[in-house]
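Asker: Structure in structure tokens, see below.
The values are calculated or read from the model by the stated rules, or taken from the named source; none is laboratory data. These numbers were taken from a predicted model, which means no experiment stands behind them. Here the Cβ positions follow ideal geometry from the backbone for every residue, glycine too, while neighbour counts run over all protein chains shown. These area figures cover heavy atoms from the full protein model, side chains too; ligands, DNA and RNA do not enter into them. Shrake-Rupley method; radii C 1.70, N 1.55, O 1.52, S 1.80 Å.
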Amino acid sequence: MNILILAAGYATRLYPLTQTKAKPLLDVAGKPMMEWVIDNLAPIEGIEKVYVVTNHKFAADFQAWAEHYNQTHARLAFEIIDDGSTSDADKLGAIGDINLCIARAGLASSDLIVVAGDNLFSESLRDFGRFCSEKKQPVLAVYDEGSLEEAKKYGVVSVNAGGIVTSFEETPAEPKSTLIGIALYFYPAETVGSISTYIAAGNNPDQPGRFVQWLYPRTPVLTWKVPGTWFDVGSKETFEEANRIFAQFAR
């Protein structure tokens, strides 16, 4: 399977920190957010290539990061894909970027893990890869945020007894639960082709969870609970909090 890391956003809520450095390249507890993502994905068996989609402003920075990562870690095959955008005004949106990468890199016939480059995971995702390989169905990673107020910021998920998504509501005013879908997805090859169908129909190309919202009524979407601690950095305050929390997991 291939991995696609979403890293093309401009993170304007973190200005001025992200005016000269991409959000996923900001250090948290001693290493870039990207490395919290990659270090925990690297143990997954059968990874062919890691694609990183970014904007034109920071494409060279991600290329330099990938080269440095391979000098200091077990080598992975990276490809940086520049989506050509230069600001929030001309960005493609996360699903637009996924669609671009599938077309440009010819990924429509392979299984694909999609993950946001600013996700912070404290534990290995090896079992996520194993679960996806066994099930060969779309999978949404979920996390219990523990607070209805916090859940309002995310896509809130309901599941049946088999762990299959029965509802998905993006940033609801009145969340039904504290279980949220996070930006970690698995799409088997037969689902990857549906992303172009979604885009062609004029659907919202921005938040990646909106594709799951569109997909689950059409085909079963399984869920996988993220172990340990997961954290989303959305502001300067949560950036500082992330540094405190993840200092205990640094290694």
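Asker: So which pairs qualify, if the first residue must be in the stretch 201-222 and under 11 Å from Pro138 (Cα atoms) and of a type in the set (A, V, I, L, M), the second must be open to solvent by less than 50 Å² (accessible area, probe 1.4 Å) and assigned to a loop (DSSP other than H, G, I, E, B), the Cβ gap must be under 8 Å, and the two must be at least 6 apart or on different chains?
Answerer: Hits for this filter: Val212/Pro138; Val212/Val221; Leu215/Pro138; Leu215/Val221; Val221/Pro138; Leu222/Pro138; Leu222/Gly163.
Asker: Same structure, new question: Considering only residues of the stretch 172-196 that are among the hydrophobic types (A, V, I, L, M, F, W, C) and either open to solvent by 60 Å² or more (accessible area, probe 1.4 Å) or not in a strand (DSSP E or B) (or both), which is farthest from Ser124 (Cα to Cα)?
Answerer: If we take residues in the stretch 172-196 being among the hydrophobic types (A, V, I, L, M, F, W, C) and either open to solvent by 60 Å² or more (accessible area, probe 1.4 Å) or not in a strand (DSSP E or B) (or both), then Ala173 is farthest from Ser124 (Cα to Cα).
Asker: Additional query: Determine if the stretch 83-95 includes at least one residue that is more than 24 Å from Arg13 (Cβ to Cβ) and either open to solvent by 10 Å² or more (accessible area, probe 1.4 Å) or in contact (Cβ under 8 Å) with a residue 60 or more places away in the chain (or both).
Answerer: no
Asker: Separate question: Are there any pairs, at least 6 apart or on different chains, whose C-beta atoms fall under 6 Å, with the first in the stretch 67-82 and within 17 Å of Ala103 (Cα to Cα) and modelled with pLDDT of 90 or more and the second loosely packed, with under 12 Cβ neighbours inside 10 Å and aliphatic (A, V, I, L, M), and if so, which?
Answerer: Short answer, once both residue conditions are applied: none.
Asker: Are any of the residues in the stretch 80-92 part of a loop (DSSP other than H, G, I, E, B), in contact with a helix residue (DSSP H, G or I) (Cβ under 9 Å, 6 or more places away or on another chain), closer than 21 Å to Cys132 by Cα and not hydrophobic (A, V, I, L, M, F, W, C)?
Answerer: The answer is no, given that none of the residues of the stretch 80-92 is part of a loop (DSSP other than H, G, I, E, B), in contact with a helix residue (DSSP H, G or I) (Cβ under 9 Å, 6 or more places away or on another chain), closer than 21 Å to Cys132 by Cα and not hydrophobic (A, V, I, L, M, F, W, C).
Asker: Which condition from (1) open to solvent by less than 50 Å² (accessible area, probe 1.4 Å); (2) in a strand (DSSP E or B); (3) of a type outside the set (Val, Ile, Thr) is the one that Glu169 breaks?
Answerer: Unmet condition: (1).
Asker: In the stretch 96-155, what residues are in a helix (DSSP H, G or I), touching a Ser or Thr at 6+ places or on another chain (Cβ under 8 Å), open to solvent by 10 Å² or more (accessible area, probe 1.4 Å) and farther than 21 Å from Thr54 by Cα?
Answerer: The answer is Leu148, Glu150.
Asker: Right, next: Filter the stretch 197-251 down to the residues that are of a type in the set (Gly, Ala, Ser) and part of a helix (DSSP H, G or I), then identify the one that is nearest to the chain's Cα centre (by Cα).
Answerer: Gly209
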